[in-house]
Amino acid sequence: MYTIESGNVAAALGVKLAGAQVIAAYPITPQTPLTEKLSEFIESREMDAQYIPVESEHSALAVCIAASTAGARAFTATSANGLLYMHEQIHWAAGARLPLVMCVVNRGVGAPWTVWNDHQDSISQRDTGWIQMYVCDHQQIVDTVIKAFRLAEAVSIPVMVCYDGYLLSHTYMPFDIPDQKSVDGFLSPYRPEYALDPDKPANFNTVTLPDVRADIHGRMSHGYMEVRYLLQEDMRKAIDVAGDIEKRFKQIFGRGGEPYVESYRCEDAEFIAVSMGSLAYQLRDVVDMLRDEGYKVGIAAIRLYRPFPDQAIAKTLEKAKGVIVFEKALSYGYQGPLCADIQSALYAQSNGRKKRPSVYPYILGLGGREIKTGDLINAVRRVCTETSTDTPDTLGWIGLKI
Amino acid sequence: MGTRTCGHKISYSEPGPGDGGRTGSWRVLRPIINLDRCTPAKRNTKACFICWLCCPDGVISRSLPPTINYQYCKGCGICAEECPMNAIEMVEEVSLIKEEK
Amino acid sequence: MHAKTNIFNLPETEFVHPGNRACAGCGLGIAYRIGLKALGKDTILVVPPSCLTVLQGLYPIAATKLPCLNVTFASAAAAATGVIGALQAFGREGINVVAWAGDGGTSDIGLQALSGAAERESNFIYICYDNEAYMNTGVQRSGTTPCGALTATTPIKGKLQKKKDVPAIMAAHHISYVASCSAAYPIDLYDKIKKATGMTGTKYIHIHTPCPPGWGFDPRYTIKMGKLAVESGLYDLYEIECDQFRLTDASEKLLKKKKLRDVDKYFKSQGRFKIMTDDQISAIREDIHRKWEAYWG
């Protein structure tokens, strides 16, 4: 059924269709309409779940961690400083291998205060052991929330579904609401491997030694390092699992099919722009206009950021002369984190080959700075006409007025 | 190759005794019950059992007579201190070990 | 009406394995062992970092025979709410959800989450065992460290501020039940926890747990020290039900006896108070008497 709604409502519909059983959240702009909608679904009995109005984001994730350990499907959502306030719990949820789903409605972080969009909040949680998916429009929000639960539960790793504050959260777009029966066919009820149960007492997340240790049956059990090794292994396996889930979703719902990189006019492209979130769709206009001017350009939207689908990304980009990375986040003192990841993927993939694409890093849109299509066209055109093929040693800033 | 491990992908611990090892080895003083003074032992009937109630480690039995699990008793001496009949004496382990040898 | 609890009818079943890592003479050891008897098998525990984390053991062996979730320091009460949420989602009833935290995890870092859970009237029991400092990390001052006590972070002058009254804070949330008890009075402790299991809403239980290494006394005196605190009127055993305050057990006896032990002995028998002056002790003595004059009416 098609509807015209905000991105936050699209997310709430996804959570409802996925049958989340415990939802805990704390208000923060621009996430609030999402959790308001969920509390409305629950109070009106449209949705059978527990809504827990906690006193902080730290507690929101505490509720989800505990509910999930007790065997429930749990969900939370936040933005910016709320996400940062959860930071300790974010690591905890991954180490405890809990299949939570969290929407991160992307917003810049303080100081100074900003309520507008960039990606610094979720990108700064990159190394916590969560899967991170970025979406480009409202249809992807509702679909990705549903897919995220399936992926999280398949690999026992929590998932962040990241979408742009205001640009997606508060804009209205038409999208198809999947029907409940099809969703139920796609996503079975959560069956935890371990759960808190008085009939099977066990102690979860106890202090774990540097070295291995025998259990009460005399079997040698893991140390901390083995537990963390398994998280890394399963994280890497999650790339393939995400691919399988995407295929299954497409079979049932007839859309999707690009879990890692969503390419637009990249087949013969000499220059490929790379981005995440709604900016990737804005860049489609840039690509169309520059194609009209005769430049062979394309756009690759990264949909799965962690685990990093390095092979799929390298395959998309390796034949290009130049790769232009547009990022709304920084690793201060170096460059954009996505750019570094892409360079690393290209380096490994084209090992032994004569030529790798040059990589052009750009920072833009921090704290909601307007991203003008004209500026993007100029940036891409400049790269296309660049005579030097060396990767530039300075970071490009778009829209900076200094 | 190192030791091959099996086990859980999370830290999931099953209940069992002696996580801290044989904590009896921590003991400097050993509580010894003088059955001639111990009320339940003397009367051979359920009585007193304050030592059982107060033991932080649950190593004293509520039985006739009460017994102490020396494998795990840490030798804190609360039982001796709280016994209303002064029936429990704290004896130096060193002297006992010498005797036992 | 149940038969009065006594040593003979306390449940035989132990929920704590011996050979755990608690120090010899640990006050928490007594409170935990007796408290779990009151809670029984159908219980899920939530524990933030504290000495209890150590007592509970190292992976893959657990000292507690109940399901238990270790959580981050600030989140015990919120996590308990999460367990309740899941149980409600499953329609599963008859399970006690219990957060069991230390005084640091309660009065300092965990207070916000605890206040939030209490205000939401979460249906759980929160137990704070109060050994009056961060013992697990080596005896640093906490919000409930009493005035005058030497700790690793008040090493020369002792703590200069008063102990935070957490049960009073919890009573101000108008929750179903607030109780104060002591490891030195295991039967009173058992009765209060048992009573809490039969109530709905948030139940807060504060347990005074003397700590031999942290307080500086011989481990054999754990019970004696807890009793001294109560008998000298410094730490009171009470319960607050429907906002009604009532002294219990040994404190109730003091109410009738109208006479307290001199608090001097309590301070003089612990290493942590060795720098307290007679003037400081006199000031505390006056505070105690003012409080008890009000009780005596």
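The values are calculated or read from the model by the stated rules, or taken from the named source; none is laboratory data. Treat the numbers as computed from the prediction; the structure is a model and nothing was measured. Neighbour counts are summed over all protein chains in view; Cβ atoms, including those assigned to glycine, are modelled from backbone coordinates with ideal geometry. Each accessible area value is taken on the protein alone, full model and side chains, heavy atoms only, with ligands, DNA and RNA left out. Shrake-Rupley method; radii C 1.70, N 1.55, O 1.52, S 1.80 Å.
Data for the structure
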| quantity | calculated |
| --- | --- |
| Mean ellipticity per residue at 222 nm, deg cm²/dmol - from DSSP H runs of n ≥ 4 across chain B, formula -39500 (n - 2.57) | -5000 deg cm²/dmol |
| Karplus (6.51, -1.76, 1.60) ³J(HN,Hα), θ = phi - 60°, over the stretch A:130-141, in Hz, Gly and Pro reported as x | 9, 6, 10, 10, 10, 10, 10, 8, 5, 4, 5, 4 |
| Given C:159/C:291; B:42/C:224; C:4/C:259; C:41/C:162; B:42/C:268, the pairs whose alpha carbons are separated by over 31 Å | C:41/C:162; B:42/C:268 |
| Proximal lysines relative to residue C:157, as straight alpha-carbon distance under 16 Å, when same-chain residues fewer than 8 apart are discounted | C:274 |
| Space enclosed by the convex hull of the alpha-carbon atoms of the stretch A:1-159, per residue, Å³ | 101 Å³ |
| Test item: A:69-76 mean partner chain Cβ contacts at 10 Å | 6 |
| Amide H partners (placed H, <5 Å) of residue C:154, local residues excluded | C:141 |
| Cα-Cα over 27 Å, subset of B:74/C:257; C:203/C:253; B:46/B:101; C:164/C:265 | B:74/C:257; B:46/B:101 |
| Lysine pair number, Cα distance threshold 18 Å (strictly under), the stretch A:284-402, separation 8 or more or different chains | 12 |
| Reachable lysines from residue B:9, criterion Cα separation under 17 angstrom, eight or more residues apart if same chain | A:237 |
| Helix-derived mean residue ellipticity, 222 nm - over chain A, DSSP H n ≥ 4, -39500 (n - 2.57), to 500 | -12000 deg cm²/dmol |
| Whole-percent pair-distance distribution, where bins are 5 Å wide, for the alpha carbons of the stretch A:261-397 | 2, 10, 23, 26, 23, 12, 4, 1, 0 |
| Sequence ranges C:120-128, A:40-48, C:159-167, A:84-92, ranked by mean other-Cβ count within 10 angstrom, highest first | C:120-128, A:84-92, C:159-167, A:40-48 |
| Solvent-accessible area per residue for the protein assembly as shown (1.4 angstrom probe, square angstrom) | 40 Å² |
| Rg [Å, one decimal], Dmax [Å, integer] - the stretch A:271-341, C-alpha atoms | 12.5, 38 |
| Long-range HN-HN contacts of residue B:73 with modeled amide H, under 5 Å | B:24 |
| Length gained when the stretch residue A:386-residue A:219 is fully extended (0.36 nm per residue, less Cα-Cα span) | 53.9 nm |
| Inter-label distance, nm, simple model (7 Å from Cα along the C-beta direction), residue A:181/residue C:90 | 3.1 nm |
| Full-stretch length increase - residue A:347, residue A:291 - with 0.36 nm per residue and alpha-carbon distance subtracted | 17.4 nm |
| Estimated translational D of the protein assembly as shown in µm²/s (Stokes, Kirkwood radius over Cα pairs; 25 °C; 0.890 mPa s) | 84 µm²/s |
| Cβ neighbours within 10 Å from other chains - mean over C:223-234 | 1 |
| Table column - 3J(HN,Hα) (Hz), the stretch C:132-137, Karplus curve with 6.51, -1.76, 1.60, x for Gly and Pro | 6, 4, 7, 6, 4, 9 |
| Value in Å of the Kirkwood radius, where chain A supplies the Cα pairs that are averaged | 21.9 Å |
| Net lengthening on full extension, residue A:332/residue A:171 (0.36 nm per residue, minus Cα-Cα) | 54.9 nm |
| Proportion of all alpha-carbon pairs of the stretch C:27-296 beyond 27 Å (%) | 35 percent |
| Dipole of chain A, positive end: most advanced residue of A:276, A:112, A:385 [Cβ charges, Cα centre] | A:385 |
| Inter-label distance, nm, simple model (7 Å from Cα along the C-beta direction), residue A:209/residue C:243 | 5.4 nm |
| Mean projected area in nm² (Cα convex hull; one quarter of hull surface) for the stretch C:30-96 | 4.9 nm² |
| Percent of C-alpha pairs per 10 Å bin, chain B, short to long | 14, 38, 25, 12, 9, 3, 0 |
| Antiparallel content of DSSP bridges confined to chain A, in %, to 5 | 25 percent |
| Length-normalised contact order for chain A - Cα pairs under 8 Å, 6+ apart - percent | 15 percent |
| Listed peptides C:250-260, A:266-276, A:309-319 by packing density, highest first (mean Cβ within 10 Å) | A:266-276, A:309-319, C:250-260 |
| Backbone HN-Hα couplings from phi across the stretch A:168-183 [Karplus 6.51/-1.76/1.60, Hz, Gly and Pro as x] | 10, 4, 10, 8, 10, 9, x, 7, 8, 8, x, 7, 4, 5, 5, 5 |
| Span-like helix ranges in chain C, DSSP H, alpha carbon extent 20 angstrom or more, Kyte mean at least -1.0 | C:76-90 |
| Antiparallel bridge percentage (DSSP; both residues within the stretch A:2-186; nearest 5) | 20 percent |
| Spin-label model distance (nm) - residue A:154 vs residue B:91, 7 Å beyond Cα toward Cβ | 6.8 nm |
| For residue A:134, distant residues with modelled amide H under 5 Å away | A:162, A:304, A:305 |
| Crossing angle, helix A:279-292 versus chain A [Cα axis fit, 0-90 degrees, rounded to tens] | 20 degrees |
| Candidate lysines - alpha carbon under 17 Å from residue A:16, same-chain residues fewer than 8 apart omitted | A:37, A:147, A:181 |
| Residue mean of other protein chain beta carbons inside 10 Å, A:186-199 | 3 |
| Chain A, accessible surface, carbon-and-sulfur percent (1.4 angstrom probe) | 50 percent |
| Length-normalised contact order for the stretch A:1-157 - Cα pairs under 8 Å, 6+ apart - percent | 26 percent |
| Cα centroid separation - the stretch C:1-59 against the stretch C:130-184, whole Å | 21 Å |
| Shape metrics for the stretch A:352-402, restricted to C-alpha atoms - Rg then Dmax, Å | 13.1, 42 |
| Contact surface C-A: accessible area buried, both sides summed, square angstrom, 1.4 angstrom probe | 3300 Å² |
| Two-decimal Rg to Rh for the stretch A:1-94 - Kirkwood Rh, Cα set | 0.96 |
